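Here, each number is a calculation from the coordinates, and none is a lab measurement. This one's a predicted model, so the numbers in the text were calculated from it and none came from an experiment. Glycine also receives a Cβ, built like all others from the backbone with ideal geometry; neighbour counts cover every protein chain displayed.
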Ligand SMILES: Nc1ncnc2c1ncn2[C@@H]1O[C@H](COP(=O)(O)OP(=O)(O)OP(=O)(O)O)[C@@H](O)[C@H]1O
Ligand SMILES: [Mg+2]
């Protein structure tokens, strides 16, 4: 029984982790949380829904189109909202991303309406597979595990070994020093937003498959994933993933024991973490020597 | 090679450079000297275009006959200027090796770049020892070596260094200057900003003195070193009572 709860929690947690990573990638470059992240994923999911239901394209094609759309959307938002703002303060940046969030939500409501829809996802939440004695897992969870592991491996290799990946880390640490290396930092920001938007969109499609699709559906997953990311220490990608997994397990077990408390577990956890260790459980960030 | 003509740079409403002009001849080591707040760092940042987009407000900067005062920093790097900023500015959470790799960011010739990494590691053995360590954990001197090695990786024609001796022991300072001299002998032109006037005058071929955002003197180091005012105010060798002398010196520089 407990194994079943844990593995289900891990599946949801992996999804939180994935979305948290999308938040963390932008946080690392701009030091601020992108509050439009959830709605960027929401719009991308609506695009998938649209091509699936209106044009009846096969799922794999819809998936590819959606990821391409997400990449463009990320770059567009960076270009239109962030780039013109000259040295925004933290508060200014938050307002900008909140503005983008409102805009996207309004856009989705106008184009697709506010009523709830079913998102026709490739992997079903109902179809179960027995993976070990006493533990069954639905297709959706298997999909989440496989995809998040692939994305994590890719990110690890990319940031560790590729020239562009190292240049992105360099830009995060010192923009001016990156410029004098000849790094085109504006392009780095653009790529950062594209990557984050892509990963966020993939996670959002998984969230939509588990609940319903409407302009508000990413609000709660965003808050939970954000809480998970804070739990793990926003600045480290592995930390965010572990934070997501922990959050998934905690939530699932609490939800089983006290179902009525499930929705607020995430926020109790966030408050406790911020009180005890504000930098997150696994952060080991370098502090500049003065 | 580098010709700075009459540049005027503002920080919002504060004018930091009041029309600075100087020239750096190919193959030389040129020093830019002056006290705190004189505008030396601002001059280098203006050349690298690291300040606001509309700076320098007036004047021109030419490199190899080409105007660069409205180019992007990364284009200037690609033209062949490399910059070692004040305070090193290494990437603290990248390893030493990754920092060096970033220095080669603009290069397309991977194989030659590999060979150059080897030669940098040979020139700075301490970096080889620490190559997998985070740069932020290096000592100040090691970070300076790294910043110089990293700047060399782009194969610059002109290397600009801002106070390379800052915070280093006399021994290490001498070592850094020897390294700079060696780099110069290998064909890299050098523009050097220094507070350590004594050292800078020993190693440079030509020097400019900056005061309050203006160039107040320009001469060969042999001549400057024997100059009474320079001796007194830059080298700290007292020749007469300082208040009077200072006033006389101020008068002198103002009308130049
Ligand atoms: N970001 C800034 N905003 C406003 N004023 C500045 C800024 N940076 C420098 N200044 C001013 O410009 C003038 C020149 O500064 P600069 O840093 O170029 O001096 P410096 O010659 O490099 O001095 P030091 O030897 O202490 O490094 C100083 O008066 C300084 O106060
Ligand atoms: Mg300075």
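A few notes on this one:
- The range B:130-202 and the range A:31-95: distance between their alpha carbon centers, rounded to Å: 45
- Think of it as helices only: each DSSP H run of n ≥ 4 in the protein assembly as shown is worth -39500 (n - 2.57), and spread over all residues that comes to -18000 deg cm²/dmol at 222 nm.
- Take the Cβ atoms of residue A:98 and residue B:23, set R0 to 45 Å, and the FRET efficiency comes out at 0.30.
- Residue exposure proxy: A:146, A:202, ordered by other Cβ atoms within 10 angstrom of their Cβ from fewest to most, comes out as A:146, A:202.
- In range of the label at residue B:51: residues from the range A:144-184 whose backbone nitrogen is under 18 Å from the point 7 Å along Cα→Cβ: A:176-177, A:180
- Judged by the ratio a/c of the largest to the smallest principal axis of the C-alpha gyration tensor, the range B:10-76 counts as oblate, that ratio being 1.5 or greater while a/b is no larger than b/c.
- Average other protein chain Cβ within 10 Å of Cβ, residues B:125-138: 1
- Nitroxide proxy distance, nm - points 7 Å out along Cα→Cβ at residue B:3 and residue B:195: 3.4
- Shape of the range A:91-183, Cα gyration tensor, a/c cut at 1.5: oblate
- Principal-axis analysis of the Cα atoms of chain B puts helix B:242-254 at an angle of about 80° to the longest axis.
- Residues residue A:146 and residue A:118, FRET efficiency given R0 of 35 Å [Cβ-Cβ distance, rounded to 0.05]: 0.90
- Contact order for chain B, expressed relative to its length and based on alpha carbon pairs under 8 Å spaced 6+ residues apart, stands at 25 percent.
- Based on Cα contacts under 8 Å between residues 6+ apart, the range A:1-92 shows a relative contact order of 20 percent.
- With Cα atoms, 0 to 90° folded angle of helix B:140-152 axis to chain B main axis: 80
- Separation in nanometres of the label points that stand 7 Å from Cα toward Cβ, at residue B:223 and residue A:160: 6.0
- Summarising the label geometry, the points placed 7 Å from Cα in the beta-carbon direction at residue A:1 and residue A:257 lie 1.3 nm from one another.
- For residue A:128 and residue A:85, the FRET efficiency from 1/(1 + (r/R0)^6), where r spans their Cβ atoms and R0 equals 41 Å, is about 0.25.
- Under the criterion of Cα pairs below 8 Å and six or more residues apart, the relative contact order for the range A:157-290 equals 17 percent.
- Helix B:170-185 vs. chain B, principal-axis angle (Cα, 0 to 90°, nearest 10): 80
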